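J.: One structure, as structure tokens, below. Some questions next.
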Amino acid sequence: MNQKVLFLFILLSSLLAKAQIGGRYAYQFLNLTTSPRMAALGGKVITNYDYDPTQALVNPASINPAMDNQLSVNYVNYIGDVNYGSAAYAYSWDRRTQVIHAGVTYVNYGSFDGYDEQGNPTNSFSGSEVALSIGHARNIAFTNFHLGGNIKFISSTLEQYSSFGIALDLGVMYVYEDWDLNISVVGRNIGKQITAFNEVYEPLPFELIAGISQTLMNVPIRWHLTLENMQVWNIAFANSNRDETDLEGNVTTEDINFVDDVFRHMIFGIELFPEKGFNIRLGYNVRRAQELRIIEKRAFAGLSAGFSIKFNKLRVSYTYAKYSSAAASSYFGLNINLQ
């Protein structure tokens, strides 16, 4: 019976998937990295099952009693004048209801100069988006499977236009404590616009993510492997800047093969001393590295690194993520134990 539940969940997520990624959806901010910890591990991690309430913003199946009375606040100095952040809190209501999770994600796009059709200056304007979420998870009785869901209320304002939407995240996680092994699948942003920006309704940025992580036996290292954008296979594309022209003028385009497509879905991460008061985190996002690297120049695109330090009931986290030689972001986070 439990295997049928898992199969139906994956099948439903696949049917809801779209054929492309990027540039075609409203509320793209929903897929931004929500915390320094996730950023350091490559940008997307769905298999942490511990104290961190920010994890539940991405995977509601991770909601668990260890999150009780934990508050997480995060801020990102993103590219240009864009800033965004998140906050999450979990509370153990009672032994029957278990843990209720609440979170908020926001992004501010800064100020823009306005111009009319003739190029004459008009008033400046700004843009911002916010999503409020409420989530809960349950353990399937007598198994190691956990099912969880988030409902998200989304508001977006861009200049004079505004939109409102609603979405669901659905996750399932397998936690095998004997091996310290976690396996998870999440379908994110299943929903629709309730009101459109300008009478044109757009789909939401649905994403199907799978992940596995494990702490090595007798070694203080936890490794993570995440498979992103599983709703569409062919996410690699030939970059015209990598075309090669021979002496006769014949152009050879970049060869995208099966192996390229496989690795473009992969994100690798490791945590050193994951259970200690001080830990180091490293990540590598293959798709980011391939799409943003500069030809014949080492820019370290796709790499990210961070750390966290615990002071009594306060944990401070920082991550530096490299996108290209011209763009990088710093992530700051606080996790506060309110017990």
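A quick yes/no check of all residues on (1) aliphatic (A, V, I, L, M); (2) touching a Phe, Trp or Tyr at 6+ places or on another chain (Cβ under 9 Å); (3) exposed (fewer than 15 other Cβ atoms within 10 Å of the Cβ):
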| position | (1), (2), (3) |
| --- | --- |
| 54 | no, no, no |
| 58 | yes, no, no |
| 76 | yes, yes, no |
| 79 | yes, yes, yes |
| 102 | yes, yes, no |
| 115 | no, no, yes |
| 124 | no, yes, yes |
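J.: Within the group 189, 182, 150, which residue is under 21 Å from the mean Cα position of the chain (by Cα), on the phi > 0 side of the Ramachandran plot and buried (at least 22 other Cβ atoms within 10 Å of the Cβ)?
T.: After applying the criteria, what remains is 189.
J.: Continuing with the same structure: Being surrounded by fewer than 17 Cβ atoms within 10 Å (Cβ to Cβ) and either closer than 21 Å to residue 55 by Cα or free of Cβ contacts under 8 Å to residues at least 60 places away in the same chain (or both) is the filter here; which residues of region 197-211 pass it?
T.: 198, 199, 200, 201
J.: What's the number of the only condition in (1) of a type in the set (Ser, Thr, Tyr); (2) more than 14 Å from the chain's Cα centre (by Cα); (3) modelled with pLDDT under 90 that residue 34 fails to meet?
T.: Here residue 34 clears every test but (2).
J.: Can you confirm whether region 194-204 contains a residue that is hydroxyl-bearing (Ser, Thr, Tyr) and part of a loop (DSSP other than H, G, I, E, B)?
T.: Within region 194-204 (the criterion being hydroxyl-bearing (Ser, Thr, Tyr) and part of a loop (DSSP other than H, G, I, E, B)), the answer is yes, since at least one residue qualifies.
J.: Can you find a residue that is modelled with pLDDT of 95 or more, outside any strand (DSSP E or B) and surrounded by fewer than 20 Cβ atoms within 10 Å (Cβ to Cβ) anywhere in region 163-171?
T.: The answer is no, given that none of the residues of region 163-171 is modelled with pLDDT of 95 or more, outside any strand (DSSP E or B) and surrounded by fewer than 20 Cβ atoms within 10 Å (Cβ to Cβ).
J.: When you go through (1) farther than 27 Å from residue 319 by Cβ; (2) of a type in the set (A, V, I, L, M); (3) modelled with pLDDT of 90 or more one by one for residue 11, which number turns out not to apply?
T.: (3)
J.: As an exercise: evaluate residue 132 against (1) surrounded by fewer than 16 Cβ atoms within 10 Å (Cβ to Cβ); (2) at pLDDT below 95; (3) hydrophobic (A, V, I, L, M, F, W, C) and give the number of the one condition it does not meet.
T.: (2)
J.: Moving on to the next point. Which members of region 59-68 meet the condition of being in a loop (DSSP other than H, G, I, E, B) and either closer than 20 Å to residue 181 by Cβ or under 12 Å from the mean Cα position of the chain (by Cα) (or both)?
T.: Of everything in region 59-68, those that are in a loop (DSSP other than H, G, I, E, B) and either closer than 20 Å to residue 181 by Cβ or under 12 Å from the mean Cα position of the chain (by Cα) (or both) turn out to be 59, 63, 64.
J.: Then there is this: Only one of (1) crowded, with 17+ Cβ neighbours inside 10 Å; (2) of a type in the set (Phe, Trp, Tyr); (3) under 23 Å from residue 41 (Cα atoms) is not met by residue 106, so which one is it?
T.: Single failed check for residue 106: (1).
J.: Okay, moving on. Working only within region 37-58, note down all residues that are within 9 Å of the chain's Cα centre (by Cα) and touching a residue at least 40 places away in the same chain (Cβ under 8 Å).
T.: 39, 43, 44, 45, 46, 57, 58
The values are calculated or read from the model by the stated rules, or taken from the named source; none is laboratory data. Everything numeric in this text was worked out from a predicted model, so none of it was measured. Backbone-built Cβ (ideal geometry, glycine too); neighbour counts: all protein chains shown.
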